[in-house]
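One structure is given below, encoded as structure tokens.
The values are calculated or read from the model by the stated rules, or taken from the named source; none is laboratory data. Given the structure is predicted, the values throughout are model-derived calculations rather than measurements. Positions of Cβ are backbone-derived with ideal geometry, glycine not excepted, and every protein chain shown enters the neighbour counts. SASA here: full protein model, heavy atoms, side chains in, ligands and nucleic acids out. Shrake-Rupley method; radii C 1.70, N 1.55, O 1.52, S 1.80 Å.
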Amino acid sequence: MARKSNTVRIREALENAIVNGRFAPGMRIDPEALAQEFECSRTPIRDALQQLEASGLVRIHSKQGTFVTEWSVEELAERFEAMAELEATCARLAARRITDEELAELEARHESCRQLAEEERFDDYYAENSAFHACIYRATHNAFIEQEAMRLHSMLQPYRRIQLQVRNRVKRSFHEHDAVVSAVRSGDDQAAEKAMRDHVLIQGDRFHDLLAALRMDAQQRKENAS
């Protein structure tokens, strides 16, 4: 197996740090501190941050520095709306095109999510949840749609993780997955499309719950820093 380059290794570590909340939305990332942490020159750090900027996870401002991407309420709502429509399309195509092997993997991921939800292992559930969605993307057998879905999913990862911190959201998320899997398994493309859109779209009370979770997350980070 080929050894990962420093840039790839650092980019993956920073992606994980953003998703797990170490680097929260709006936080400044210090390249010099990262170079010391990873014991490397500034070059792979710069390259990794540029790749993260291309994926939408960070924003680089020439005179201010690099910051984890943070959106306004309106921007966040727009991106969840776009994600819901794109994932709905993925689920519809998957219901038509999924292979037996892909369906077996989807059901295995779903069962893993069930166990993690029951055990309330929220961080592990989030990782398996992402893998579950990736299965749906691949089952479209449309490389362009899969790539775009993965790109937008990556951009929203920190917010989707925080969303799962809302009380009982993990269990509801699993039951919503159940509707998607059932529709995909039966080949009902319209039901799969609707179930996935309902699962991803954040509106009404769910959107207010997300905003409340974001505020609590920011307050917790502030308290931990003081």
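Descriptive notes on the structure:
- Our helix-only sum for the chain, with -39,500 (n - 2.57) per DSSP H run of n ≥ 4 divided by its residues, gives a mean residue ellipticity at 222 nm of -25000 deg cm²/dmol.
- Maximal additional length on extending the Asp188-Glu148 stretch stands at 12.1 nm, based on 0.36 nm per residue less the C-alpha distance.
- Applying both filters, DSSP loop and at most 15 other Cβ atoms within 10 Å, to the trypsin sites (Lys or Arg not before Pro) of the range 69-162 gives Arg121.
- Close amide H partners of Thr66, meaning residues 5 or more places away or on another chain with modelled amide H under 5 Å apart, are Ile29, His61.
- For the chain, size of Cβ-based charge dipole, Lys and Arg +1, Asp and Glu -1, in debye: 580
- Using the Karplus relation 6.51 cos²θ - 1.76 cosθ + 1.60 with θ = phi - 60°, the per-residue 3J(HN,Hα) values for the range 104-116 come to 4, 5, 4, 5, 5, 5, 5, 5, 4, 4, 4, 5, 5 Hz, with x marking Gly and Pro.
- Phi-derived couplings, Karplus 6.51 cos²θ - 1.76 cosθ + 1.60 at θ = phi - 60°, listed residue by residue for the range 44-58: x, 5, 4, 5, 5, 5, 5, 5, 5, 5, 5, 7, x, 7, 10 Hz, with x used for Gly and Pro.
- Percent accessible area from carbon and sulfur atoms, the range 1-159, protein chains only, probe 1.4 Å: 46
- Solvent-accessible surface (1.4 angstrom probe) belonging to Asp205, in square angstrom, nearest 10: 120
- Accessible surface ranking for Met83, Met216, Met155, 1.4 angstrom probe, highest first: Met216, Met155, Met83.
- Note, ³J(HN,Hα) from phi for the range 181-189, Karplus 6.51, -1.76, 1.60, rounded to Hz, x at Gly and Pro: 4, 4, 5, 5, 4, 7, x, 8, 5
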